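**Student:** I'd like to ask you about the structure that follows.
The values are calculated or read from the model by the stated rules, or taken from the named source; none is laboratory data. Every value quoted in this text rests on a predicted model; they were computed, and no experiment measured them. Because the Cβ atoms are built from the backbone with ideal geometry, glycine has one as well, and the counts that use them run over all protein chains shown. For accessibility, only protein heavy atoms count, side chains too; no ligands or nucleic acids. Shrake-Rupley method; radii C 1.70, N 1.55, O 1.52, S 1.80 Å.
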Amino acid sequence: MIKKFALSVAAAVAVSACTTMPAPPPSAGQQPAAAPPAKPKVTHIRFALDWAIEGPSAPFLIALDKGYFAEEGLSVVIDRGTGSAGTVTKIASGAYEMGYADINSMIEFNVKNPDKSLQAIAILYNNAPMTVFTLKDKGIASPADLAGKKLGAPAGDAGRRLFPLFAKQVGLDPASVEWVTMEPALREAALAKGEVDAITAFYGSGWFGLLRNKVEPDQIVAFMYAEQGLPLYGNAVMASPKFLAENEEAVKGFLRALARGWQEALADPAAAVEIIKRREPLIDAEVETARLKMAIEKHFLTEEVKKNGFGAADPERLAKSIALVAEGFELPSVPKPEEVFTDKYLPAKESRMPPAM
């Protein structure tokens, strides 16, 4: 009998040991154990640049290299582009969530493709870079002297297509010039060889393209559209309204990170280019530093930017520039400013002001 009782007790103890007992309630003043933190959400963004990775790409590469995007919960992949028109199309097709391209090309695309329209959310090129380049030995001292001259550019070049606006601004008959169509890679060479009297190109591309073709800097004459009184904006970060609405916090984080990259690029261009060189080891650091400094002087840091900060647009100027682009591209309608640009995703003004230079 004693043996049976002992076996029964042992069995009961074994069963009890295998049974999960509820944890005792916390004693007075003791906090319950915290649940493990939720895994942070990561938003993946494929981002397309407008052109090759060069000095002016620095704000994006700094934000990526230094982990500023990652700090915002973003996994960002940055690819080079082949031109603004192509980048706009890539974003609209869904191949990329966001990108960086000429806002004027975006305006034209939106009007022609209203079901795939994009919206700009941060303007980096406060002045559009479209420029007419010539050489001193051509005897073209002012835009009016282009009358009767031969100009070279690709058929789809923005500066060529918007040339009538430039001509109207400077009092020149746009029909008084002869156009020669050529590949983008050939235009600076054509001017250097004397095959044409002038070309249209983006300021940085044309300037350094002429230097590559052994043209001395003091022989270059440049008429940038913005410096001739055309208030056009240039390159901007953009995305589809659908993506923006569905990823509002991620987009805000992207621009916070980019504003930090922009500020660092302005503060130390040489260091910024070293970051680019780690990704693109074949670039000429000296040339790209000069190219970045030129972009800062001509596009990134205008008086308007010093007043309003990174990414913003002046509403009155924006409306006027949209109307001019619609006129220049002969568009059937003029988009509303709020359809083209919104500042709702930009960081607070105090966090996107230029650094002390």
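**Student:** According to the Kirkwood expression over distinct Cα-Cα pairs, how big is the hydrodynamic radius of the chain, in Å? Could the numbers behind the result be given before it?
**Tutor:** Numbers: mean 1/r = 0.0438 Å⁻¹.
That comes to 22.9 Å for the chain.
**Student:** What ranking do 255-267, 323-335 get when scored by the average of other Cβ atoms within 10 Å per residue, highest first?
**Tutor:** Working: 255-267: 22.6, 323-335: 16.0.
Highest mean packing first, the order is 255-267, 323-335.
**Student:** For a quick check, take a GNM of the chain with Cα springs below 10 Å and name the residue from Asn213, Asn110, Asn126 with the largest mean-square fluctuation.
**Tutor:** Asn213
**Student:** Dividing the Cα radius of gyration by the Kirkwood radius, what Rg/Rh value follows for the range 124-166?
**Tutor:** Over the Cα atoms of the range 124-166, Rg/Rh equals 0.99.
**Student:** May I ask for the Rg/Rh ratio of the range 296-357, computed from Cα atoms with Rh as the Kirkwood radius, given to two decimals?
**Tutor:** That ratio equals 1.05.
**Student:** Which whole number of Å³ per residue matches the convex hull of the alpha-carbon atoms in the range 219-357? Let's see the in-between values first.
**Tutor:** Numbers: hull volume 22.5 nm³, N = 139.
Convex hull of Cα atoms, per residue: 162 Å³.
**Student:** For the chain, what is the mean residue ellipticity at 222 nm derived from helices alone (per DSSP H run of n ≥ 4: -39500 (n - 2.57); sum divided by total residues; nearest 500 deg cm²/dmol)?
**Tutor:** Taken over the chain, the calculation gives -12000 deg cm²/dmol.
**Student:** To the nearest 20 Debye, how big is the dipole of the range 165-319 about its Cα centre, given +1 on the beta carbon of each Lys and Arg and -1 on that of each Asp and Glu?
**Tutor:** My answer is approximately 380 debye.
**Student:** Which percent of the accessible heavy-atom area of the range 102-197 goes to carbon and sulfur, probe 1.4 angstrom?
**Tutor:** So the carbon and sulfur contribution to the accessible surface is 47 percent.
**Student:** Further question: On C-alpha positions alone, give me the angle between the axis of helix 269-279 and the longest principal axis of the chain, in degrees, nearest 10.
**Tutor:** With rounding to tens, the tilt is 70 degrees.
**Student:** How big is the range 83-229 in terms of Cα radius of gyration and Dmax, in angstroms?
**Tutor:** 16.2, 49
**Student:** Now for a separate question. How long, wide and thick is the range 56-95, going by the Cα atoms along their three principal axes, in whole angstroms, largest first?
**Tutor:** Largest first, the range 56-95 extends 30, 23, 10 Å along its Cα principal axes.
**Student:** Now a separate question. What angle, in degrees between 0 and 90 and rounded to the nearest 10, separates the Cα long axis of helix 103-112 from the longest principal axis of the Cα atoms of the chain?
**Tutor:** Helix 103-112 and the main axis of the chain meet at about 80 degrees.
**Student:** Please report, in Å, the Rg and the Dmax of the range 96-138, where both are computed over Cα atoms only.
**Tutor:** Radius of gyration, then largest Cα-Cα span, for the range 96-138: 14.9, 49 Å.
**Student:** Using a 1.4 angstrom probe, figure out how much accessible area the chain has per residue, in square angstrom, rounded to the nearest whole.
**Tutor:** Heavy-atom SASA per residue in the chain reads 49 Å².
**Student:** For a Förster distance of 25 Å, can you work out the FRET efficiency between the beta-carbons of Ala271 and Ala70, rounded to the nearest 0.05? Write out the running numbers ahead of the final one.
**Tutor:** On the way: r = 20 Å, r/R0 = 0.79.
The calculated FRET efficiency here is 0.80.
**Student:** Let me ask you something else. Can you tell me the equivalent ellipsoid semi-axes for the range 145-260? Use √(5λ) from the Cα gyration tensor, largest first, whole Å.
**Tutor:** Equivalent ellipsoid of the range 145-260: 34, 18, 14 Å, largest first.
**Student:** I would also like to ask the following. By how many nm would the segment from Val180 to Ser351 grow when fully extended, if each residue of separation counts as 0.36 nm and the alpha-carbon distance is taken off? Walk me through the intermediate numbers first.
**Tutor:** Details: separation 171, 0.36 × 171 = 61.56 nm, distance 4.65 nm.
Working it through step by step, the gained length comes to 56.9 nm.
**Student:** Note down the Stokes-Einstein diffusion coefficient of the range 54-146 in µm²/s, whole number, using a Kirkwood radius over alpha carbon pairs, 4 °C, and 1.567 mPa s.
**Tutor:** After rounding, the answer is 81 µm²/s.
**Student:** Of all accessible surface on the range 281-357 at a 1.4 Å probe, what whole percent is carbon and sulfur?
**Tutor:** The nonpolar share, carbon plus sulfur, comes to 53 percent.
**Student:** Over all directions, average the projected area of the Cα convex hull of the range 169-209 and note it in nm².
**Tutor:** Computing the convex hull of the Cα atoms and averaging its projections yields 3.5 nm².
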